[in-house]
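What follows is a set of notes on a single structure, which appears directly below.
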Amino acid sequence: MSRHVTRVTALAIGLAALLAGSALPAGAGPSDTGLKGAIDTILTDPRLDGGAVSVVVADAGTEETLYQRDSGDRLMPASNTKLATSVAAMALLGPEYRFRTEVLSTARPRGGVLHGDLYLRGTGDPTTLAKDYDRLAAQVAASGVRRVAGRVVADDTRFDTNRLGRSWAADDESSYYSAQISPLTLAPDTDYDSGTVVVETTPAARAGARPRVALTPATDYVRVDNRATTVPAGRPGTLTVEREHGTNTIVVSGEVPVGAAATKEWITVWEPTGYAAAVFAAALAAHGVRVSGPPRLGVRTPADAKVVATHSSMPLKALMHPFMKLSNNMHAEALTKTIGYETSGRGTWSAGLAAIGTYLAKEGLRTSTVRQVDGSGLSRMNLFPAAQLTRLLLAVQDAPWYADWHASLPVACAPDRATGGTLRTRMCGTPAALNAHAKTGSLTGASGLSGYVTDAGGRRLVYSIVLNNYLASSVKSIEDAIVVTLARSDTAKGAVTTVSPHRTRASETPADLECSWRKPRDC
């Protein structure tokens with residue numbers, strides 16, 4: 001992608017320092033007119049004592065570096081990793097890219113009987129819902145099929161069989177933000193939490209009875225082991241819902257008070273290919289199509305098979321919204337493997353990450369300073385300096401798909417979750433509200449915020465803030481203070497107003513996970 005020549009020639013020295021992640025003094029350069037002191041003061045917050053900080057602020061138009069603090073230090077970016085994955089997906093797949101889920105067969109129905117198998121082939125769509133499989137089943141029934149003499153065969157061969165990312169935590173196995181990756185999967189809701197079921201628990205009418213447990217979608221692919229008890233009103237609730245390791249047995253245990261509201265937990269399934277096949281097979285039965293045997297998994301569709309039914313996903317530019325606004329890990333990983341397949345014919349993490357790395361290098365990132373091992377940032381092995389995240393945010397501004405991609409970033413204090421996403425409760429009542437667009441990131445001891453904001457003088461700024469190795473429950477208000485300081489100041493005139501980080505109860509809410517990863521979502 002071409003850079004504007006005037007920007008490059010005017011700022012070659014400053015840009016070279018940013019690309020290299022150099023150790024030049026923070027804020028060095030002609031624009032050091034108070035911003036250095038302001039941000040340095042914010043970063044003296046005691047919550048960062050003993051921690052690690054990498055911060056860069058740049059002019060979005062000229063690409064001039066206005067502030068840098070340890071800009072080349074390689075820190076865990078958490079979900080800021082999704083910046084790299086998302087822009088690479090837009091560039092390499094294209095904003096109009098759609099996933100297709102197809103039903104195929106090598107035979108034609110005769111007298112309502114299909115003498116052969118029915119193949120369900122997935123290409124990686126992380127947004128497929130139960131109603132989409134129902135529509136596929138309805139198309140099969142409309143083609144004249146009333147009985148399948150063979151079986152439903154689930155073709156998930158577009159991706160490899162590695163279901164979980166590198167170094168993902170074992171104790172996250174049943175947590176919905178750590179679901180298994182398959183090109184055939186299912187989301188239970190329009191947040192598109194693929195590879196999960198919703199487990200809703202409602203207390204019984206009297207103490208001593210088992211609470212009621214329901215699944216969305218309703219499926220017998222998972223088994224509920226209900227060990228929970230309804231207790232008298234006023235007692236504390238101690239309900240836990242977890243899937244047993246390596247199984248599809250979901251254990252509901254603990255106590256639920258009489259009269260308490262129903263609770264919902266999003267729980268991952270073991271082997272999402274089987275989950276999708278089971279829901280599709282049930283939909284076939286509902287539409288009057290009988291299948292002789294249980295589904296078979298992991299078989300490639302014959303080359304001569306003909307399409308019987310098809311479903312196309314929303315275009316990538318639309319999928320970017322639930323992906324980025326809600327920081328959906330499974331979308332990131334499906335896109336990474338899809339990039340691998342579309343660029344090299346291999347639906348693997350290694351192929352996808354190699355293509356992402358090549359793209360980042362073409363955009364001017366110094367990829368020798370970056371380590372990316374998954375698409376989402378869930379792995380603690382990912383390392384990105386703030387200098388390279390800033391470089392990326394600057395580089396994509398003249399991409400033809402930039403407006404669509406930028407619209408997918410969370411917006412500070414935008415009350416609608418579909419707009420505000422993971423930033424919808426942050427920076428409210430400040431000049432950054434409805435102004436700052438950024439990607440958040442959260443893991444235990446790692447936090448990030450990288451994006452765009454317009455300052456008080458109308459100057460558009462790019463920033464990346466990556467904070468690591470702190471022991472505090474949250475450092476989000478420190479990130480917010482930096483961005484609000486930028487929004488409140490006229491940086492070109494040197495009229496900089498320092499905003500101190502808040503230490504209210506709200507700002508100290510534990511932030512070891514993205515707020516959108518907790519259920520019910522608290523952002």
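In segment 393-407, how many residues are in a loop (DSSP other than H, G, I, E, B) and either under 19 Å from the mean Cα position of the chain (by Cα) or free of Cβ contacts under 8 Å to residues at least 24 places away in the same chain (or both)? Before you say what the answer is, go through the steps one by one.
First, the residues of segment 393-407 that are in a loop (DSSP other than H, G, I, E, B): 399-401, 407.
Add one more test, that the residue is either under 19 Å from the mean Cα position of the chain (by Cα) or free of Cβ contacts under 8 Å to residues at least 24 places away in the same chain (or both), and what stays is 400, 407.
Qualifying residue count for the region: 2.
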statement: Residue pairs qualifying under the 8 Å Cβ cut-off, at least six apart or on distinct chains, with the first in segment 357-374 being assigned by TED's automatic domain parsing to the domain that holds R391 and without any contact (Cβ under 8 Å) to a residue 60 or more places away in the chain and the second being part of a loop (DSSP other than H, G, I, E, B) and buried (at least 21 other Cβ atoms within 10 Å of the Cβ), are G357/V370; G357/Q372
- request: Give segment 117-144 a look and list any residue that's touching a strand residue (DSSP E or B) at 6+ places or on another chain (Cβ under 6 Å) and farther than 27 Å from K325 by Cβ, or say none.
  value: D117, L118, Y119, L120, R121, L136, Q139, V140, S143
- prompt: without any contact (Cβ under 8 Å) to a residue 60 or more places away in the chain and either under 25 Å from R69 (Cβ atoms) or not hydrophobic (A, V, I, L, M, F, W, C) (or both), is that true of T422?
  reply: no
field: Pairs, first without any contact (Cβ under 8 Å) to a residue 60 or more places away in the chain and β-branched (V, I, T) in segment 450-468, second outside any strand (DSSP E or B) and buried (at least 24 other Cβ atoms within 10 Å of the Cβ), C-beta under 7 Å, six or more apart
entry: V453/A432; V453/A436; V453/V483; V453/L486
statement: For segment 409-449 the number of residues that are touching a Pro at 6+ places or on another chain (Cβ under 8 Å), part of a strand (DSSP E or B) and crowded, with 24+ Cβ neighbours inside 10 Å is 6
statement: When (1) modelled with pLDDT of 95 or more; (2) in the same structural domain as R206 (by TED's automatic domain parsing); (3) not hydroxyl-bearing (S, T, Y) are applied to G234, the one that fails is (1)
- request: All but one of (1) over 29 Å from the mean Cα position of the chain (by Cα); (2) assigned to a helix (DSSP H, G or I); (3) not hydroxyl-bearing (S, T, Y) hold for L353, so report the exception by its number.
  value: (1)
field: Candidates V279, V213 - the one that is at pLDDT 95 or above, aliphatic (A, V, I, L, M) and within 24 Å of T157 (Cα to Cα)
entry: V279
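Is it the case, given these coordinates, that G288 is modelled with pLDDT under 95, surrounded by fewer than 21 Cβ atoms within 10 Å (Cβ to Cβ) and assigned by TED's automatic domain parsing to the domain that holds R151? It would help to see each step written out before you state the result.
Values: modelled with pLDDT under 95: no; surrounded by fewer than 21 Cβ atoms within 10 Å (Cβ to Cβ): yes; assigned by TED's automatic domain parsing to the domain that holds R151: yes.
No; evaluated as a whole, the condition is false for this residue.
Give A218, A228 a once-over and let me know the one that is assigned by TED's automatic domain parsing to the domain that holds E200, surrounded by fewer than 18 Cβ atoms within 10 Å (Cβ to Cβ) and small (G, A, S). Give the steps one after another, and end with the answer.
Details: A228 fails: surrounded by fewer than 18 Cβ atoms within 10 Å (Cβ to Cβ).
Residue meeting the stated conditions: A218.
Any idea how many residues of segment 294-324 are outside any loop (DSSP other than H, G, I, E, B) and in contact with a strand residue (DSSP E or B) (Cβ under 9 Å, 6 or more places away or on another chain)?
At the first step, the residues of segment 294-324 found to be outside any loop (DSSP other than H, G, I, E, B) are 296-297, 306-312, 316-324.
With in contact with a strand residue (DSSP E or B) (Cβ under 9 Å, 6 or more places away or on another chain) added as a condition, the list becomes 296-297, 306-312, 324.
Final tally of qualifying residues: 10.
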- request: Please work out which residue is surrounded by the fewest Cβ atoms within 10 Å (Cβ to Cβ), limiting yourself to segment 376-392 and to residues that are in a loop (DSSP other than H, G, I, E, B) and in contact with a Phe, Trp or Tyr (Cβ under 8 Å, 6 or more places away or on another chain).
  value: S379
Residue tally, condition in contact with a Pro (Cβ under 7 Å, 6 or more places away or on another chain) and either among the hydroxyl-bearing types (S, T, Y) or surrounded by fewer than 24 Cβ atoms within 10 Å (Cβ to Cβ) (or both), over segment 189-207: 9
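Would you pick out the residues in segment 148-170 that are more than 30 Å from T343 (Cβ to Cβ) and surrounded by 17 or more Cβ atoms within 10 Å (Cβ to Cβ)?
Within segment 148-170, the first condition is being more than 30 Å from T343 (Cβ to Cβ), and the residues that meet it are 148-152, 170.
If the condition is that a residue be more than 30 Å from T343 (Cβ to Cβ) and surrounded by 17 or more Cβ atoms within 10 Å (Cβ to Cβ), then V148, G150, R151, V152 are the ones that fit.
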message: Please go through (1) in the same structural domain as K306 (by TED's automatic domain parsing); (2) under 19 Å from the mean Cα position of the chain (by Cα) for D132 and return the number of the only condition it doesn't satisfy.
response: (2)
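Name the residue, out of A305, A309, A262, A277, that is among the hydrophobic types (A, V, I, L, M, F, W, C), in contact (Cβ under 8 Å) with a residue 40 or more places away in the chain and not assigned by TED's automatic domain parsing to the domain that holds V152. Talk me through it step by step, then tell me what you get.
Values: A305 fails: not assigned by TED's automatic domain parsing to the domain that holds V152; A309 fails: not assigned by TED's automatic domain parsing to the domain that holds V152; A277 fails: not assigned by TED's automatic domain parsing to the domain that holds V152.
It is A262.
The values are calculated or read from the model by the stated rules, or taken from the named source; none is laboratory data. In this text the structure is predicted, and so the values were computed from the model without any measurement. Note: ideal-geometry Cβ built from the backbone for every residue, glycine included; neighbour counts use all protein chains shown.
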